[in-house]
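Below is one structure, written out as C-alpha cells; comments come after it.
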Amino acid sequence: MPDEYRFRVDGHIPVLKVHYEPRPSPAVIVLHGLFSNADAQRWELEALAKWGMTAVGMDAPHHGARRDGWLDGMPSLGPTDYHARLLYFVREAIPEVSRVIDHVAGEGHGPIGLAGVSFGAYTALAVAARDSRVQATVSILGSPDWTPRDGYVTDELRWLMQDAPVHRPWDCARNPLLLLNAGKDTLVPAHQSRDFAHRLWGEFPGLGSHVGHHEYPHSDHYMRAEDWNDAWGRALGFLRRTLYRAAT
C-alpha cells in the first residue's frame, strides 16, 4: 500500500496525499464529483501512485469534512437554481485548488496535473484556464461550457457563465488536455466537450495538437464499469506521459 498523509491547507482545506517512497516529483490533484469527497476517489489516488505519481485528493467547498446545508439543499432545487449553485461551487473551488498547488509545489513536487470527475472536471478545466502551473488536465464527465443542459439562461447564470473556460480556449488548452465524456449523459451534455475539441482542432491547431477527446456512446453520467475503467486507463497513461515529459 502507498504511504498516506492527511493535512489541511490554510487550516481549512482537507487534503489526502498518497504516494510510494521515494516520493515522485510529478503530482496529480484529483477533484471529486458533486456530493462526494476525496476519500471516495481512493481507488483513483492509489492507481496514480502505482503509476509512479504523487496523488493528491482534496475535499471541495461544502463537501466531505466541510459538508453543510448548501449541499444538502441541492436536491430540492429546480434545474436553473441547481445549475447556478453548481457554478457557485466551481467558482469557490478554483482559488482553493490553486492554494493546494501552492502547497504541493512548495513541497518540491512538479510538474503538476489535474484530474477531475463531473463537478471536479468543471473545476479542473477552470483552474487550468487560470493557473499556468497546471501542466496537464483530464476532464471526465465535465465540460468547459457552463451553459445549462436545458439551455435556459437567467441573468444570474449569464453572469456566472462569463468565467467558463469555453471563452478562453487559448488558456484552457495551453498545456495538454484530455476530455472524456459519455454519449448518453443527460446531466453534462457530451456535445459541449466535443464541440470544444473540434473548435480547438480547427481554429487553434497549435493548441489542438495536444488536445485529446474520447466519447463513450453507450454510457450515461454513471458510466458502465468497462467504460469507466477504459477512461481511467486513458487518463493514467496521458498524465504519466505528459507530466514525465514536462519534467525532462
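The values are calculated or read from the model by the stated rules, or taken from the named source; none is laboratory data. No experiment lies behind these values; they were computed from the predicted model shown. Cβ coordinates were reconstructed from backbone atoms using ideal geometry, including for glycine residues, and neighbour counts include every protein chain displayed. Remember, those area values only see protein heavy atoms, side chains included, never the ligands or the DNA or RNA. Shrake-Rupley method; radii C 1.70, N 1.55, O 1.52, S 1.80 Å.
Anything in segment 1-39 that is on the phi > 0 side of the Ramachandran plot and charged (D, E, K, R)? List them, or say none.
Asp10
Look through segment 8-45, keep the residues that are among the charged types (D, E, K, R) and open to solvent by 30 Å² or more (accessible area, probe 1.4 Å), and return whichever of them is farthest from Glu96 (Cα to Cα).
Glu21
List every residue pair whose Cβ atoms lie under 7 Å apart, where the two residues are 6 or more positions apart in sequence or sit on different chains, the first residue falls within segment 159-181 and is over 21 Å from His83 (Cα atoms) and touching a residue at least 60 places away in the same chain (Cβ under 8 Å), and the second residue, located anywhere, is aliphatic (A, V, I, L, M) and part of a helix (DSSP H, G or I).
Leu178/Ala235
Considering only residues that are buried (at least 19 other Cβ atoms within 10 Å of the Cβ) and hydroxyl-bearing (Ser, Thr, Tyr), which ones fall in segment 138-175?
Correct list: Ser139, Ser143.
Just the residues that are part of a strand (DSSP E or B) and either small (Gly, Ala, Ser) or open to solvent by 10 Å² or more (accessible area, probe 1.4 Å) (or both), please, taken from segment 113-133.
Result: Gly113, Ala115, Gly116, Val117.
Can you pull out every residue in segment 200-237 that is more than 15 Å from Ser139 (Cβ to Cβ) and of a type in the set (Lys, Arg)?
The answer is Arg224, and nothing else.
Considering only segment 18-35, state which residues are without any contact (Cβ under 8 Å) to a residue 60 or more places away in the chain and either in a strand (DSSP E or B) or closer than 30 Å to His83 by Cβ (or both).
Result: Val18, His19, Phe35.
List the residue pairs whose Cβ atoms are under 6 Å apart, where the first residue sits in segment 206-231 and is within 17 Å of Gln192 (Cβ to Cβ) and in contact (Cβ under 8 Å) with a residue 24 or more places away in the chain, the second is open to solvent by 80 Å² or more (accessible area, probe 1.4 Å) and assigned to a loop (DSSP other than H, G, I, E, B), and the two are 6 or more positions apart or on different chains.
Asp220/Lys184
Checking Gly57 against (1) at pLDDT below 95; (2) buried (at least 24 other Cβ atoms within 10 Å of the Cβ), which single condition isn't satisfied?
(1)
Look through segment 74-88, keep the residues that are closer than 10 Å to Pro148 by Cβ and in contact with a helix residue (DSSP H, G or I) (Cβ under 9 Å, 6 or more places away or on another chain), and return whichever of them is most open to solvent (accessible area, probe 1.4 Å).
Step by step, filter segment 74-88, then rank; the result is Tyr82.
Please specify each residue of segment 192-205 satisfying the condition of being without any contact (Cβ under 8 Å) to a residue 40 or more places away in the chain and either in contact with a Cys (Cβ under 6 Å, 6 or more places away or on another chain) or under 27 Å from Ala55 (Cβ atoms) (or both).
Selection gives Ala197 alone.
Going through segment 202-227 one residue at a time, which ones are at pLDDT 95 or above and touching a Gly at 6+ places or on another chain (Cβ under 8 Å)?
Glu215, Tyr216, Pro217, His218, Ser219
For segment 134-175, how many residues meet the condition of being touching a Cys at 6+ places or on another chain (Cβ under 7 Å) and not in a loop (DSSP other than H, G, I, E, B)?
Looking only at that region, the number is 1.
Test Ala105 against the stated conditions and say whether it is outside any helix (DSSP H, G or I) and at pLDDT 95 or above.
Considered against the rule, which asks whether it is outside any helix (DSSP H, G or I) and at pLDDT 95 or above, Ala105 comes out as no.
For segment 58-81, indicate whether the set of residues that are in contact with a Lys or Arg (Cβ under 6 Å, 6 or more places away or on another chain), assigned to a strand (DSSP E or B), under 30 Å from Tyr244 (Cβ atoms) and of a type outside the set (Ser, Thr, Tyr) is non-empty.
no
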